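Here is the structure we will look at.
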Amino acid sequence: MRQDWLVAFLCLGLCSCGYMNYYAASPLHPMEPSRWAYTDSYDPPVVDSLSPTLSWETICQTRGERYDLAIYKTQRVDDADWPVGKRIYFREGIPTREHKLDITLRPNQAYYWSIRVPCLAVTGVSPTWSRFVYYSNWSFIGSGCLIEDFPFFLFATPPQ
Amino acid sequence: MYTKPGLVLLSFLVFAGCGLIPLRPSLIDATATKVISQGESIVFGRVHVVDRGKFVDHWYPHVTAYFRLYLLRDSSTQFLAYNLSGDGSFYWHLPPGHYTLTSFVWHDSLTHLTRPVLAVFEIAEGDSPIYIGTLTVTFTESRHFSHRLPAGQPSLEIKDDYGEAIQRLRVDRSTQGLATKNLMHFEYAP
């Protein structure tokens, strides 16, 4: 009996971390790599081209189908920080949920990307930039979840 | 009540979350020296963080908690990093150029919050000291579960508190005279 209780207690703790929360939209491409465990800090997915096609699905109620897309440079600093760099790409009024970049990105470079979604709010349309939070590091009942709250989505480019 | 291996496992799980982020000191401390190198200017201002209606004005940066600003100069890709301290006032020694305060990272214990700022300012040759304003970062939304940091998008505002700032500069840096006011401004509409 005591052992059953201990197992249940530990399972509850182990299950409390290890997932991602998306806001406004979630990325379809680049797809997040499947993770068997969320024990490490976040590593961005690698796209297959230096002019990748980005696609997404919205997760808020929207008015219309017009999206803005912004891309910023970034890099990992101090192992844990991903500061936002210069904006290098911006397109307004994209009528579909995917967009092929018409520029060539640098190889081996990390980028933030985000979609501005016309989410419906109580006060009307509230354009919202998509972002995500990464919860990792299995531990005890959430007390040790490592929370990485990013301002936008991330991807990395392949080597040349 | 528990077997010995069970206790060991339990202890491991309880403490597994501590200190797993490998942090090193910030890349460049813009206030590392009080001596201004030739060609550099004192750039000063303040960051006000408002969290659920309260000013956070006691910053004591260390490896497990800091509020770090990231800047880029001109077309450089090398970030300059600065950890807020004290009441959030800063005095940087920077060479002339076009700077972008790109973002901040607020780290506390196991939570790592990154948000964009993208405010720009200019430092012209020979100008010193230069006041670039107070950046007010206001969080009003929800918080991360079991953690102390906010979870939402902050509103950002740049204010002109020149009178107060110049008084602080005189006290903190024993500086006389006036400063050039050249407020930073946001690069893009929100």
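The values are calculated or read from the model by the stated rules, or taken from the named source; none is laboratory data. None of the values given here were measured: they were computed from a predicted structure. Ideal geometry is used to build each Cβ from the backbone, glycine not excepted, and the neighbour counts take in all protein chains shown.
Among the residues of the stretch B:66-84, write down those that are more than 10 Å from every other protein chain (Cβ to nearest Cβ), assigned to a loop (DSSP other than H, G, I, E, B) and touching a residue at least 40 places away in the same chain (Cβ under 8 Å).
Scanning the stretch B:66-84 gives no hits.
I'd like to check something: does the stretch B:95-106 contain any residue that is under 17 Å from residue B:186 (Cβ atoms) and more than 14 Å from chain A (Cβ to nearest Cβ)?
Taking the stretch B:95-106 as the starting set, the residues that turn out to be under 17 Å from residue B:186 (Cβ atoms) are B:98-104.
If we keep only those that are more than 14 Å from chain A (Cβ to nearest Cβ) as well, we get none.
Looking through the stretch B:95-106, none of the residues is under 17 Å from residue B:186 (Cβ atoms) and more than 14 Å from chain A (Cβ to nearest Cβ).
Has the stretch A:67-85 got any residue that is of a type in the set (Lys, Arg) and over 17 Å from the mean Cα position of the chain (by Cα)? Before the answer, list the steps.
Going residue by residue through the stretch A:67-85, those that are of a type in the set (Lys, Arg) are A:73, A:76.
Add one more test, that the residue is over 17 Å from the mean Cα position of the chain (by Cα), and what stays is none.
Checking the stretch A:67-85: not a single residue is of a type in the set (Lys, Arg) and over 17 Å from the mean Cα position of the chain (by Cα).
Do we have residue A:128 as part of a strand (DSSP E or B), within 14 Å of chain B (Cβ to nearest Cβ) and among the β-branched types (Val, Ile, Thr) here? Walk me through how you get there before you give the answer.
Working: part of a strand (DSSP E or B): yes; within 14 Å of chain B (Cβ to nearest Cβ): yes; among the β-branched types (Val, Ile, Thr): yes.
In short, yes.
Of the residues A:135, A:112, which is within 17 Å of the chain's Cα centre (by Cα), within 11 Å of chain B (Cβ to nearest Cβ), modelled with pLDDT under 95 and outside any loop (DSSP other than H, G, I, E, B)?
Values: A:112 fails: modelled with pLDDT under 95.
Criteria check complete, one pass: A:135.
Scan the stretch B:118-130 and tell me whether some residue there is within 12 Å of chain A (Cβ to nearest Cβ), free of Cβ contacts under 8 Å to residues at least 60 places away in the same chain and among the β-branched types (Val, Ile, Thr). Spell out how you get there, then give the answer.
Taking the stretch B:118-130 and keeping what is within 12 Å of chain A (Cβ to nearest Cβ), we get B:118-120.
With the extra rule that they be free of Cβ contacts under 8 Å to residues at least 60 places away in the same chain, the set shrinks to none.
Checking the stretch B:118-130: not a single residue is within 12 Å of chain A (Cβ to nearest Cβ), free of Cβ contacts under 8 Å to residues at least 60 places away in the same chain and among the β-branched types (Val, Ile, Thr).
Of everything in the stretch B:165-190, what is free of Cβ contacts under 8 Å to residues at least 60 places away in the same chain and surrounded by 12 or more Cβ atoms within 10 Å (Cβ to Cβ)? Give them in sequence order.
Applying the first criterion (free of Cβ contacts under 8 Å to residues at least 60 places away in the same chain) to the stretch B:165-190 yields B:166-167, B:170-171, B:174, B:176-178, B:180-181, B:189-190.
Within the stretch B:165-190, B:166, B:170, B:180, B:181 meet the criteria.
Could you pull out the residue among A:49, A:34 that is surrounded by fewer than 19 Cβ atoms within 10 Å (Cβ to Cβ) and either touching a strand residue (DSSP E or B) at 6+ places or on another chain (Cβ under 7 Å) or modelled with pLDDT under 90 (or both)?
Numbers: A:49 fails: either touching a strand residue (DSSP E or B) at 6+ places or on another chain (Cβ under 7 Å) or modelled with pLDDT under 90 (or both).
Testing whether each residue is surrounded by fewer than 19 Cβ atoms within 10 Å (Cβ to Cβ) and either touching a strand residue (DSSP E or B) at 6+ places or on another chain (Cβ under 7 Å) or modelled with pLDDT under 90 (or both) leaves just A:34.
Which residues, counting only those in the stretch B:139-175, are of a type in the set (Lys, Arg), in a strand (DSSP E or B) and away from chain A (no Cβ under 13 Å)?
Applying the first criterion (of a type in the set (Lys, Arg)) to the stretch B:139-175 yields B:143, B:148, B:159, B:168, B:170, B:173.
Then drop every residue that is not in a strand (DSSP E or B), which leaves B:143, B:159.
B:159 - this is the single residue of the stretch B:139-175 that is of a type in the set (Lys, Arg), in a strand (DSSP E or B) and away from chain A (no Cβ under 13 Å).
Restricting to the stretch A:48-98, give me the number of residues that are within 14 Å of chain B (Cβ to nearest Cβ), of a type in the set (Asp, Glu), more than 16 Å from residue A:109 (Cα to Cα) and in a strand (DSSP E or B). Write out each step before concluding.
Of the residues in the stretch A:48-98, the ones within 14 Å of chain B (Cβ to nearest Cβ) are A:60, A:68-92.
If we keep only those that are of a type in the set (Asp, Glu) as well, we get A:68, A:78-79, A:81, A:92.
Those left that are additionally more than 16 Å from residue A:109 (Cα to Cα): A:68, A:78, A:92.
This time we only want the ones that are in a strand (DSSP E or B), so: A:68, A:92.
Counting residues in the stretch A:48-98 that are within 14 Å of chain B (Cβ to nearest Cβ), of a type in the set (Asp, Glu), more than 16 Å from residue A:109 (Cα to Cα) and in a strand (DSSP E or B) gives 2.
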